[in-house]
Amino acid sequence: MTLYLVRYSEIFLKSEPVKRIWQGVLVHDIYSRMPDVTVSVERGRVWVEGDVKPECLRRIFGIVSFSEVTGCTLETLPEVLPGYLEEHGIKDAKSFAFRVKRVGNHPFNSREKEIELANLVLQPYPNLKIDLEHAELQVTIEIRQDRCYLFTSVEEGPGGLPAGVEGTLVALVSGGIDSPVASYMMMKRGCRIIPIYVALDSFLNEKHIARAEQVVECLRQYQPDMELHVISDDYLVKAKRALIARRLEKYTCVFCKRRMYRLATKFAEEVGALGIVTGESLGQVASQTLDNMTVLTEATPMPIYRPLIGLDKTEIITIARKIGTFEESIVDAGGCKAVPKMPCTKAKLELVHEIEDDIGI
């Protein structure tokens with residue numbers, strides 16, 4: 001049986017009623033991934049005991065960090081500590097340090113307890129040095145009232161807010177690098193994501209859909225119930241034909257994305273979602289200029305969330321690698337055959353409306 005100390009941060013800042021609800025969501029998420037564990041909650045801490053899987057804790061939103069701990073009482077700490085240190089390599093270390101953290105009322109302060117415990121170690125290991133900055137073995141002891149928890153490492157969780165506490169969003173997922181990262185970032189802010197893929201007849205193929213499905217499979221480790229919804233649509237065939245006839249083929253990407261926004265809006269209304277997520281980053285490609293995004297946003301009354309708007313490609317790739325979607329996103333599926341040679345960068349809304357009226361939205 002292992003015991004893990006799980007830490008959260010933003011939950012702690014909420015009002016008591018909200019805090020209780022969000023703690024409950026976090027605990028439920030832990031149980032859903034590891035049904036055989038026992039979970040208990042204390043102020044600022046969650047304790048998970050049993051068959052704990054660290055890989056699951058790394059992917060549960062709301063968890064800032066976690067540590068495998070050894071528990072004892074304050075009274076038995078001097079007896080437990082020597083065995084714990086031996087188990088964690090004190091005999092091979094040249095330097096050590098203790099970090100004591102306290103919650104509750106005690107007849108000592110943290111510094112006094114650190115000195116007391118260090119003296120206990122130096123008696124059997126007189127050649128050891130205390131190094132508070134670069135110790136080879138650093139042990140943190142968290143004392144909560146009369147209980148003590150010892151640990152030597154802190155693993156990082158994804159942070160953010162517990163899954164779904166902010167509601168549901170629909171995400172336009174292409175399978176490329178950007179849209180999965182955008183979805184992840186909104187998931188991290190407490191949103192449940194429903195990904196959709198708009199399959200443009202004649203311009204995309206099964207390889208594109210397969211890549212999007214693999215990317216969603218990667219995201220499923222953070223939201224296990226995630227499922228990709230594929231929407232087939234032939235509107236772009238008619239739109240591109242009309243644009244070529246007007247010698248305005250450069251507007252193709254603008255018309256394509258406005259159509260995607262409308263399809264996403266209809267789907268969002270059907271599932272009760274509160275907005276649409278896209279992977280757009282300002283200025284990254286021709287269709288993502290400020291002028292064009294203004295025209296795109298006008299296509300829907302629903303809020304558009306663009307969490308990557310201020311990030312450059314390098315920053316986005318760094319996140320994609322971290323969350324595990326990058327390798328799937330760079331699988332060669334071929335480019336979109338609808339993209340014109342010279343895409344429009346300053347779309348005119350009046351002209352877009354005129355052409356849409358002619359061809360029918």
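The values are calculated or read from the model by the stated rules, or taken from the named source; none is laboratory data. Predicted model only: the values in this text are computed from it and were never measured. Positions of Cβ are backbone-derived with ideal geometry, glycine not excepted, and every protein chain shown enters the neighbour counts. The accessibility values were calculated without ligands, DNA or RNA, using every heavy atom of the protein model including side chains. Shrake-Rupley method; radii C 1.70, N 1.55, O 1.52, S 1.80 Å.
Which of the residues spanning the stretch 220-254 are within 30 Å of GLU55 (Cα to Cα) and charged (D, E, K, R)?
Answer for the stretch 220-254, where residues must be within 30 Å of GLU55 (Cα to Cα) and charged (D, E, K, R): ARG220, ASP225, GLU227.
Given (1) more than 40 Å from the chain's Cα centre (by Cα); (2) over 26 Å from TRP47 (Cβ atoms); (3) surrounded by 12 or more Cβ atoms within 10 Å (Cβ to Cβ), where does ALA93 come up short, assuming only one miss?
Against the list (1) more than 40 Å from the chain's Cα centre (by Cα); (2) over 26 Å from TRP47 (Cβ atoms); (3) surrounded by 12 or more Cβ atoms within 10 Å (Cβ to Cβ), ALA93 comes up short only on (1).
Within the stretch 326-361, which residues are of a type in the set (Gly, Ala, Ser), at pLDDT 90 or above and over 21 Å from ALA299 (Cα atoms)?
Narrowing the stretch 326-361 to residues of a type in the set (Gly, Ala, Ser): 329, 333-335, 338, 347, 360.
Keeping just the survivors that are at pLDDT 90 or above gives 329, 347.
Answer for the stretch 326-361, where residues must be of a type in the set (Gly, Ala, Ser), at pLDDT 90 or above and over 21 Å from ALA299 (Cα atoms): just SER329.
Give the residue, chosen from ALA299, ALA333, that is in contact with a Leu (Cβ under 9 Å, 6 or more places away or on another chain) and either free of Cβ contacts under 8 Å to residues at least 40 places away in the same chain or of a type in the set (A, V, I, L, M, F, W, C) (or both).
Details: ALA299 fails: in contact with a Leu (Cβ under 9 Å, 6 or more places away or on another chain).
Of the residues listed, the single one that is in contact with a Leu (Cβ under 9 Å, 6 or more places away or on another chain) and either free of Cβ contacts under 8 Å to residues at least 40 places away in the same chain or of a type in the set (A, V, I, L, M, F, W, C) (or both) is ALA333.
Within the stretch 112-153, count every residue that is over 15 Å from LEU74 (Cβ atoms), exposed (fewer than 14 other Cβ atoms within 10 Å of the Cβ) and in contact (Cβ under 8 Å) with a residue 60 or more places away in the chain.
Selection size over the stretch 112-153: 1.
Does LYS240 count as assigned to a helix (DSSP H, G or I), more than 19 Å from LEU172 (Cα to Cα), of a type outside the set (Phe, Trp, Tyr) and touching a Ser or Thr at 6+ places or on another chain (Cβ under 6 Å)? Step through it out loud before you land on a result.
Details: assigned to a helix (DSSP H, G or I): yes; more than 19 Å from LEU172 (Cα to Cα): yes; of a type outside the set (Phe, Trp, Tyr): yes; touching a Ser or Thr at 6+ places or on another chain (Cβ under 6 Å): yes.
Criteria met by LYS240.
Taking the conditions exactly as written (touching a Leu at 6+ places or on another chain (Cβ under 7 Å) and open to solvent by 60 Å² or more (accessible area, probe 1.4 Å)), does GLU249 satisfy them or not? Working first, answer last.
Working: touching a Leu at 6+ places or on another chain (Cβ under 7 Å): yes; open to solvent by 60 Å² or more (accessible area, probe 1.4 Å): yes.
For GLU249, the condition - touching a Leu at 6+ places or on another chain (Cβ under 7 Å) and open to solvent by 60 Å² or more (accessible area, probe 1.4 Å) - is met.
Can you tell me which condition GLY175 does not meet? The list is (1) at positive phi; (2) surrounded by fewer than 24 Cβ atoms within 10 Å (Cβ to Cβ), and all the others hold.
Exception for GLY175: condition (2).
Just to be sure, is ARG211 under 20 Å from MET293 (Cα atoms) and touching a residue at least 60 places away in the same chain (Cβ under 8 Å)? Walk me through how you get there before you give the answer.
Working: under 20 Å from MET293 (Cα atoms): no; touching a residue at least 60 places away in the same chain (Cβ under 8 Å): yes.
When the stated conditions are applied, ARG211 does not pass them.
Tally up the residues in the stretch 320-361 that are open to solvent by 40 Å² or more (accessible area, probe 1.4 Å), assigned to a helix (DSSP H, G or I) and under 22 Å from SER174 (Cβ atoms), please.
Qualifying residue count, the stretch 320-361: 4.
With respect to VAL37, determine if the residue is touching a residue at least 60 places away in the same chain (Cβ under 8 Å), touching a strand residue (DSSP E or B) at 6+ places or on another chain (Cβ under 8 Å) and under 16 Å from TYR4 (Cβ atoms).
Values: touching a residue at least 60 places away in the same chain (Cβ under 8 Å): no; touching a strand residue (DSSP E or B) at 6+ places or on another chain (Cβ under 8 Å): yes; under 16 Å from TYR4 (Cβ atoms): yes.
In short, no.
Is there any pair with a first residue in the stretch 155-172 that is free of Cβ contacts under 8 Å to residues at least 60 places away in the same chain and a second that is buried (at least 24 other Cβ atoms within 10 Å of the Cβ) and assigned to a strand (DSSP E or B) whose Cβ atoms are under 7 Å apart and which are 6 or more apart or on different chains, and what are they?
So the pair list comes out as GLU166/CYS191.
With respect to GLU156, determine if the residue is closer than 21 Å to ILE30 by Cβ and surrounded by fewer than 18 Cβ atoms within 10 Å (Cβ to Cβ).
Working: closer than 21 Å to ILE30 by Cβ: yes; surrounded by fewer than 18 Cβ atoms within 10 Å (Cβ to Cβ): yes.
When the stated conditions are applied, GLU156 passes them.
Looking at (1) surrounded by 14 or more Cβ atoms within 10 Å (Cβ to Cβ); (2) of a type in the set (D, E, K, R); (3) farther than 15 Å from LEU150 by Cα; (4) under 25 Å from the mean Cα position of the chain (by Cα), which is the only condition ARG45 fails?
(3) is the only condition that ARG45 fails.
Within the stretch 11-30, does at least one residue satisfy the condition of being touching a Phe, Trp or Tyr at 6+ places or on another chain (Cβ under 6 Å) and without any contact (Cβ under 8 Å) to a residue 60 or more places away in the chain? Full working, then the answer.
Of the residues in the stretch 11-30, the ones touching a Phe, Trp or Tyr at 6+ places or on another chain (Cβ under 6 Å) are 11.
Cutting the leftovers down to without any contact (Cβ under 8 Å) to a residue 60 or more places away in the chain gives us none.
No, the stretch 11-30 contains no residue that is touching a Phe, Trp or Tyr at 6+ places or on another chain (Cβ under 6 Å) and without any contact (Cβ under 8 Å) to a residue 60 or more places away in the chain.
In the stretch 58-67, is there at least one residue being surrounded by 18 or more Cβ atoms within 10 Å (Cβ to Cβ) and over 20 Å from the mean Cα position of the chain (by Cα)?
Here is the first cut: in the stretch 58-67, the ones surrounded by 18 or more Cβ atoms within 10 Å (Cβ to Cβ) are 59-63, 66-67.
Subsequent filtering for residues that are over 20 Å from the mean Cα position of the chain (by Cα) retains none.
Checking the stretch 58-67: not a single residue is surrounded by 18 or more Cβ atoms within 10 Å (Cβ to Cβ) and over 20 Å from the mean Cα position of the chain (by Cα).
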